[in-house]
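Here's the structure we're looking at; comments come further down.
The values are calculated or read from the model by the stated rules, or taken from the named source; none is laboratory data. Quick caveat: nothing in here was measured; it's all calculated off a predicted structure. Neighbour counts are summed over all protein chains in view; Cβ atoms, including those assigned to glycine, are modelled from backbone coordinates with ideal geometry. Areas reflect the complete protein model, heavy atoms only, side chains present, ligands, DNA and RNA absent. Shrake-Rupley method; radii C 1.70, N 1.55, O 1.52, S 1.80 Å.
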Amino acid sequence: KERLKPYVVAPEVTVVIEQSLVSVAMIGEVKAVGIVELQSPANVLQALAKAGGTTEFADGDSIYVLRPIDAGQTRRIRFTYTGLVAAEPHAIGFQLKNGDTIVVE
């Protein structure tokens, strides 16, 4: 605040601390079901790797992120394993948030 006083009348400063870890739930056909913690920013492929990968019964076309968006509502975002490993922009650029659930069918 003090350093801004010469430039701004009555400066107000807000400090935001970004969380360095992201916790997501892994369910379905992954080798290690449960909560995984990842360094932020994190994507779906990193979460799958942390969970030990998919099982032999997994459907590579049915990977979803369930993201809470409003009171009781959830958004479902679909990914394919091929898209994730090919680093498609939509797949690799999607950042996970705390509270996301990854479902592998």
Query raised in the report: If all Cα-Cα distances of the chain are sorted into 5 Å bins from 0 onward, what percent lands in each bin, rounded to whole numbers?
Result: 2, 12, 20, 20, 15, 7, 5, 5, 5, 5, 3, 2, 0
Report summary line: The correct ranking of Ser40, Ser62 by accessible area at 1.4 Å, largest first, is Ser40, Ser62
Query raised in the report: Of Gly53, Gly28, Gly72, which is the most mobile in a GNM of the chain whose springs link Cα atoms less than 10 angstrom apart?
Result: Gly72
Report task. Could you tell me the accessible area of Thr80 in Å² (1.4 Å probe, neighbours in place), rounded to the nearest ten? Result -> 40
Query raised in the report: Largest first, how would Tyr81, Tyr64, Tyr7 line up by accessible area (1.4 Å probe)?
Result: Tyr7, Tyr81, Tyr64
Query - Apportionment of accessible area to carbon and sulfur, the chain, percent (1.4 Å) - result: 53
Report task. Could you state the accessible area per residue of the chain in Å², with a 1.4 Å probe and every protein chain left in place? Result -> 67
Requested in this report: For Lys97, list the lysines whose Cα falls under 18 Å from its own Cα; do not include residues on the same chain fewer than 8 positions away.
Outcome: Lys50
Query - Amide hydrogen neighbours beyond the local backbone of Ser40, cut-off 5 Å, H modeled - result: Leu21, Val22
Requested in this report: Decide, for region 1-60, between rounded, prolate and oblate: order the square roots of the alpha carbon gyration tensor eigenvalues as a ≥ b ≥ c, take rounded if a/c falls under 1.5, and otherwise choose prolate if a/b is larger than b/c, else oblate.
Outcome: prolate
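Using R₀ = 30 Å, calculate the FRET efficiency as 1/(1 + (r/R₀)^6) where r is the Cβ-Cβ separation of His90 and Ile17; round to 0.05.
0.55
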Report task. Give the long-range amide H neighbours of Val30: residues separated by 5 or more places, or on another chain, with amide H under 5 Å away, using H modelled in the peptide plane at 1.01 Å from N. Result -> Thr55
Requested in this report: DSSP loop (so not H, G, I, E, B), at most 10 other Cβ within 10 Å: list which trypsin sites (Lys or Arg not before Pro) in region 1-67 pass both filters.
Outcome: Lys1
**Report entry** Exposure ranking of Phe79, Phe94 by accessible area [1.4 Å probe, largest first]
**Finding:** Phe94, Phe79
Query - Theoretical gain in end-to-end length, Leu4 to Ser40 [0.36 nm per residue, Cα-Cα removed] - result: 9.9 nm
